[in-house]
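The values are calculated or read from the model by the stated rules, or taken from the named source; none is laboratory data. Only a predicted model underlies this, so the values are computations on that prediction, with no experimental measurement involved. Note that each Cβ is placed from the backbone with ideal geometry, even for glycine, and that neighbours are counted across all protein chains shown. The protein model used for the area step is the full one, side chains on, heavy atoms only, and it has no ligands, DNA or RNA in it. Shrake-Rupley method; radii C 1.70, N 1.55, O 1.52, S 1.80 Å.
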Amino acid sequence: MIDGQNKSPIIRMFHVYKNYGAKKALVNITLDIPKNELLFISGPSGAGKTTLLKLLYLGEKVSEGQILIEGMNLSRISHKRIPLLRRKYGIIFQDYKLIATKTIFDNVAIVLEATGKKRRFIEKKVKSILRTVGMEESLHSFPPSLSGGEQQRIAVARAIVGDPKIILADEPTGNLDEVSANIILDLLKRFHTRGATVIIATHDKELIRKTGGRVIHLNQGYMQKTTNVESYINDSQL
Amino acid sequence: MIHNYKRAIQDIRDHRFLNSVTIITIAISILIVSSFALFFVNANDIINSWKKGIKIMVYLKPDTPETKISKLIHKIQHMDGIRDVRFISKNEAFQELKKQMKRQPSLFENLKENPLPDAFEIRLKISFQNQEKVEILATRLESFPQIDEVEYGQRWLGQFTNFFNLFRLTGYAMGGLFFIATLLIVANTIRLVLYSRRDEVEIMRLVGATDSFIKAPFYIQGLIQGAFGGIIGLATLFVGFLLLSSSMERGISPGLFAIRFLSTGAFCGIILGSTFVGWIGCYLSLKQFLK
Ligand SMILES: Nc1ncnc2c1ncn2[C@@H]1O[C@H](COP(=O)(O)OP(=O)(O)OP(=O)(O)O)[C@@H](O)[C@H]1O
Ligand SMILES: [Mg+2]
């Protein structure tokens, strides 16, 4: 269901800092992300895009500040409930994080297995997702035998197979030619129109221009601007 | 659940060498510990049968008149610790002897008269079936004038029982040591498997798998290792047992030692025990690994 009116924030960040030792990866980030938003996080390499996503799924802990996901305070969440938090997300990792010793099918299926879905359902769903990303031929291959772009498509398939509320995509088209990139982009947009909140970290301006949505710009850990795509593209300074 | 089994089997296949080494180690430990158990069971049987047979033989002086004999029986029956007294006349004893040695009748042909004395066979109450009390009773019996000789063949039984108890203690200690060693080995295998799968475990967590989902196949793996190790160890022991008992049957003492294998209960107990070792070894390494 599309609910354009419902703009209550699904993610809220208040004065968030993240330091890796002395290195300041994120500085004073305050950001509300409404439900069903399509949001880009842009910025040059090392700006802190991946770090910001990591904080959201508790891949890293904040150094200071608060993050609320659907009202759940990440600083207070118990260890036991972390899996529940992560199931809200479909995550496309910048480095894909595929399991090299498992087949493509198993790599994607694991998300559904972990939530105790029925075997029959898993078979159907995984095959259909792999078809969507154009990888149905590679069902029984292993990740290392695939090209970078093919691995990326598997990573996308895994991220969306569980119908997550929120998609975190870290350079989802980084390794893809234009055609494959468009397929992925269409997929993400389709999830967005179906009601998911989609957050894409990228430094690919072309991707941002094609897609539209809100853009926040990071530079050396500082959030510099939050704008819409039009002004982002026109802003020669970025 | 079926899915967890599949993952566990896959893990074992992927780490065939590691798992074989673990299973073999468990099997060897089980083999050693259960051979001890087997030895104890049988030694215990023998000792018990000896204990049950603790009796005092009293040989009377030749030509003790019958009246004296029945008085004596009466007296002995009223002593402390006596269960029953059976009079064995020398004729009875001679017939018994002949029967036992009927293959060598020539032995008796030249015998002009019965060389055996009259005797009492005295059985003791259970509370008196131990070294000191038997000795006390024996000396008291020896003091009767009509009694020629008192014999209790198990003088050495006391010492042997002590020795046996010490041996048993050693057995327990060794069992304990093997338990710990096996535990560490299982824990270590699982740790190595976990280590080689740390990326996978990390990824599973990132996609929302719970710890119990991640742990389940490892537990199953530990259980399988323990059970297989136990079964292989006991099977080896059983083969050894068959070889030993058949060679004993062919040997000198047929029927003397009817050695028996572990009872079904002990058998199942050992397998359960080794399965438990697999489980707890797994628990230890998982506890360390997945904080
Ligand atoms: N685990 C870490 N330990 C130490 N420093 C880190 C760690 N992860 C990231 N950093 C540093 O934090 C800064 C932000 O890194 P981050 O990965 O978030 O950048 P990014 O915007 O995703 O860059 P890219 O576009 O290259 O992926 C970088 O300077 C990086 O070196
Ligand atoms: Mg990055």
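Residue-wise HN-Hα couplings along segment A:84-93, as the Karplus relation 6.51 cos²θ - 1.76 cosθ + 1.60 with θ = phi - 60° gives them from phi, are 5, 4, 5, 6, 6, 9, x, 10, 9, 7 Hz; Gly and Pro carry x. Over all directions, the projected convex hull of the C-alpha atoms in segment B:54-153 averages 6.9 nm² in area. Backbone amide hydrogens, once placed in the peptide plane, bring A:Lys225 within less than 5 Å of A:His217, excluding anything fewer than 5 places away on its chain.
Rounded to the nearest 10 degrees, the inclination of helix B:16-52 to the longest alpha-carbon principal axis of chain B is 20 degrees. Taken over chain A, the convex hull of the Cα atoms encloses 131 Å³ per residue.
Close amide H pairs (under 5 Å, H built 1.01 Å from N) link A:Ile10 with A:Ile33, A:Lys35, residues at least 5 positions away or on another chain.
May I ask you to give the average projected area over all directions of the convex hull of the Cα atoms of segment A:126-238, in nm² rounded to one decimal? The number I arrive at for segment A:126-238 is 7.9 nm². Magnitude of the charge dipole for chain B, about its Cα centre and with charges confined to Cβ atoms of Lys, Arg (+1) and Asp, Glu (-1), is about 620 debye.
In segment B:195-210, burial by the other protein chains removes 10 Å² or more of 1.4 Å probe accessible surface, compared with the chain on its own, from B:Arg197, B:Glu200, B:Ile203, B:Met204, B:Arg205, B:Leu206, B:Val207, B:Gly208, B:Ala209, B:Thr210. Say we join alpha carbon atoms closer than 10 Å with springs in a Gaussian network model of chain B; which of B:Phe39, B:Phe228, B:Phe213 then has the biggest fluctuation? Among B:Phe39, B:Phe228, B:Phe213, the largest mean-square fluctuation in the Gaussian network model of chain B belongs to B:Phe213. Only protein heavy atoms count here; on that basis, with a 1.4 Å probe, A:Thr226 has an accessible area of about 70 Å². Segment A:61-110 and segment B:184-242 have Cα centres separated by 26 Å.
Note on chain B: Cα-only Rg and Dmax are 30.7, 101 Å. Taken along the Cα-to-beta-carbon direction at a fixed 7 Å, the label points for B:Asp63 and B:Asn44 span 5.4 nm.
Each residue, B:Arg13 and B:Ala181, gets one label point 7 Å from its Cα in the Cβ direction; the gap between the two is 3.3 nm.
Once the Cα-Cα distance is subtracted from the 0.36 nm per residue extended length, the B:Arg103 to B:Ser89 segment shows a gain of 2.7 nm. With R₀ set to 30 Å, the beta-carbon distance separating B:Ala173 from B:Ser245 gives a calculated FRET efficiency near 0.60.
For segment A:1-72, the percent of C-alpha pairs falling in each 5 Å distance bin, counted from 0 to the bin holding the largest distance, reads 4, 15, 25, 25, 16, 9, 5, 1, 1, 0. Near A:Lys61, which lysines are there with a Cα under 19 Å away, not counting those fewer than 8 places off in the same chain? In chain and number order, the partners are A:Lys18, A:Lys23, A:Lys24, A:Lys49, A:Lys80, A:Lys88, B:Lys291.
Just to be sure I understand the curve: with the Debye formula and one point per C-alpha of segment A:61-179, what is log10 I(q)/I(0) at q = 0.15, 0.18, 0.23 Å⁻¹? Evaluating at q = 0.15, 0.18, 0.23 Å⁻¹ gives log10 I(q)/I(0) of -0.71, -0.95, -1.31. Cross-link reach is defined here as a Cα-Cα straight distance under 25 Å, omitting same-chain residues fewer than 8 places apart; for B:Lys133 the lysines meeting it are B:Lys51, B:Lys52, B:Lys55, B:Lys61, B:Lys71, B:Lys75, B:Lys125. Ordering A:Val62, A:Val111 by accessible surface, largest first, gives A:Val62, A:Val111; the 1.4 Å probe counts only protein heavy atoms, with every chain in place. In Å, what Kirkwood hydrodynamic radius results for the protein assembly as shown from the alpha-carbon pair distances? Computed over the protein assembly as shown, the radius equals 30.5 Å.
Close amide H contacts of A:Glu64 (hydrogens built in the peptide plane, cut-off under 5 Å, sequence separation of 5 or more or a different chain): A:Tyr17. Computed about the Cα centre, the dipole magnitude for the protein assembly as shown is approximately 1140 debye when only Lys and Arg (+1) and Asp and Glu (-1) carry charge, each at its Cβ. For the pair A:Tyr17 and A:Ser78, a Förster radius of 25 Å applied to the C-beta separation gives a FRET efficiency near 0.60, rounded to the nearest 0.05.
Considering only beta bridges that DSSP places wholly inside the protein assembly as shown, some 65 percent are antiparallel. Between A:Lys35, A:Lys124, A:Lys61, the Gaussian network model of chain A with springs among Cα atoms under 10 angstrom shows the greatest mean-square fluctuation at A:Lys124.
Computed over the protein assembly as shown, the per-residue total of -39500 (n - 2.57) for DSSP H runs of n ≥ 4 gives a 222 nm mean residue ellipticity of -18000 deg cm²/dmol, rounded to 500. Check cross-link reach from B:Lys102 to the lysines: straight Cα distance under 23 Å, and skip same-chain residues fewer than eight apart. By straight Cα distance, B:Lys102 reaches B:Lys90, B:Lys112.
Rolled with a 1.4 Å probe across the full set of protein chains, the surface gives B:Lys98 an accessible area near 80 Å².
If R0 is taken as 56 Å, the Cβ-Cβ distance between B:Ile259 and A:Asp177 corresponds to a FRET efficiency of 0.15. Between A:Thr226 and A:Ala100, the modelled labels are 4.0 nm apart [label points 7 Å from Cα along Cα→Cβ].
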